[in-house]
1. Here are some residues: L108, L81. Which one is modelled with pLDDT of 95 or more and not hydroxyl-bearing (S, T, Y)?
2. Being of a type in the set (F, W, Y) and under 16 Å from S105 (Cα atoms) is the filter here, so list the residues in region 16-54 that pass it.
3. Mind checking which residues of region 24-59 are of a type in the set (V, I, T) and modelled with pLDDT of 90 or more?
4. Just checking, how many residues over region 10-66 are surrounded by fewer than 13 Cβ atoms within 10 Å (Cβ to Cβ), on the phi < 0 side of the Ramachandran plot and charged (D, E, K, R)?
5. Give F65, F49 a once-over and let me know the one that is under 16 Å from R101 (Cα atoms) and of a type in the set (F, W, Y).
Amino acid sequence: MIQRDYIMRMAEMVAKALAKVLHLKEEKRYDEALEEINLAGKELLGDDFKILKNLSDVDIIKWLFSGGNFDSKKCVSLSKLLMAEGEVFELMGDYKRGLIRYLQSLNLLNEAVTQNDQNGSAENLEMMKYLMNKTANERTK
């Protein structure tokens, strides 16, 4: 029961942050959107968030396996934050950093679905499709 409450709070916190990021992106307040993503990441992962963003997706997945248990819900939440950051970078014209975040996000989401069938929701599969399109399109820019 406690773990379920934690998962629900985590999902709710990420959803609220992403809604705020969407609003800030619409207002072209990109620096504030990036700060909101960092705040949500810090709440989700502590100070590790800024470090994790600079690791390869393989190393992030290894970190998520630390302690012997893979936290697939945290992986999905992290994937959503990285995708949002990629979108902000793209809007700022920083296509290279956007592509890196999209690839990280896609690979994390793929790992979460692979590790736990419950993560194969329609929403997550749609997000994977979106990320595949983004990474294919960004590589041509």
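1. Numbers: L108 fails: modelled with pLDDT of 95 or more.
One residue alone meets the criteria, L81.
2. Within region 16-54, the subset of a type in the set (F, W, Y) is 30, 49.
Once the filter is applied, which keeps residues that are of a type in the set (F, W, Y) and under 16 Å from S105 (Cα atoms), region 16-54 yields only F49.
3. I37
4. Final tally of qualifying residues: 9.
5. F49
The values are calculated or read from the model by the stated rules, or taken from the named source; none is laboratory data. Keep in mind that this is a model prediction, so the values were computed, not measured. A quick note on method: Cβ atoms are made from the backbone with ideal geometry, for glycine too, and the neighbour counts reach across all protein chains shown.
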